[in-house]
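Written out below as structure tokens is the structure these notes cover.
The values are calculated or read from the model by the stated rules, or taken from the named source; none is laboratory data. These numbers were taken from a predicted model, which means no experiment stands behind them. For neighbour counting, all protein chains shown are included, and Cβ atoms are generated from backbone atoms with ideal geometry for every residue, glycine included.
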Amino acid sequence: MNTLEITHLTKSFGNKLVLNDVSLKCETGEIIGVFGRNGSGKSTLMKLIFGTLKADSIEIRINTEIILPRNIIPSGKIAYLPQEPFLPKGLKVCEVIPLFYENDRQDKIFYAPGVSKFENTLVGKLSMGELRYLEILLIGNLNHHFLLLDEPFSMVEPLIKEMLKELLILLKETKGILLTDHYYHDVLDATHRNLIVKDGNILDIQSEADLKHYQYLKFYSETNQPKKI
């Protein structure tokens, strides 16, 4: 089992304190959801852990070994799915897969459920759901111990959401997964435990009732679509 532990994480933007000396732990075999209103620091948290955004303070340990933020990406121990698509739009799916995997390792992607339906499609022509599914397949099957997923369910078709959930169940057998998304029903379906970022703190939550208690659901409709406020 591998363990990712974050402690003493603090981040400010100017005079705004976004994360205040927070801590969290993620282990192989679990999927953790992170909730929070827009601007609360969910995506910031992901970027700080991955090292693409500089923290005011942070201590990162993997299996008790301290890893400096600048060494997270070179270490190959944490993978990150950003909100924005990152695959080249002008290539076909069958041309993108070899960029990530060589020889027989490609088979795990080519023969994954659903891929045969769009393997000859240009990346730029994929639906949002197909694209997110492909992205998570590609980074999820690499040798990283942990996955950080920023809005994996956002704007994804219902059928592909179910494929994504099944994929996450497979991936968590060898990885720890931290994900954030406003589609809270999908997050609760997929996760083992959940957190919420509120007022610079990270708090444990147990159910949808806790999301109501912390006034998170006040800002979202029952269809999971953000309300205009």
Inset, instruction - Residues being in contact with a strand residue (DSSP E or B) (Cβ under 7 Å, 6 or more places away or on another chain) and either modelled with pLDDT under 95 or farther than 15 Å from HIS192 by Cβ (or both): count how many of those fall in segment 1-23. - result: 16
Inset, instruction - Output the residue which, of all residues in segment 159-185 that are more than 21 Å from VAL115 (Cβ to Cβ) and of a type outside the set (Ser, Thr, Tyr), is surrounded by the fewest Cβ atoms within 10 Å (Cβ to Cβ). - result: HIS185
Legend entry - Number of the condition not met by SER75 [criteria: (1) surrounded by 15 or more Cβ atoms within 10 Å (Cβ to Cβ); (2) at pLDDT 95 or above]: (2)
Legend entry - Answer from VAL156, VAL96 - the residue that is in contact with a Lys or Arg (Cβ under 7 Å, 6 or more places away or on another chain), surrounded by 13 or more Cβ atoms within 10 Å (Cβ to Cβ) and either part of a loop (DSSP other than H, G, I, E, B) or among the β-branched types (Val, Ile, Thr) (or both): VAL156
Legend entry - Residue tally, condition assigned to a loop (DSSP other than H, G, I, E, B), in contact (Cβ under 8 Å) with a residue 24 or more places away in the chain and of a type in the set (A, V, I, L, M, F, W, C), over segment 66-93: 3
Inset, instruction - Quick one: which residue in LEU45, LEU122, LEU87 is touching a strand residue (DSSP E or B) at 6+ places or on another chain (Cβ under 6 Å) and over 18 Å from LEU168 (Cβ atoms)? - result: LEU122
Inset, instruction - Can you work out which of the residues in segment 23-59 that are β-branched (Val, Ile, Thr) and within 21 Å of PHE13 (Cα to Cα) is surrounded by the fewest Cβ atoms within 10 Å (Cβ to Cβ)? - result: THR52
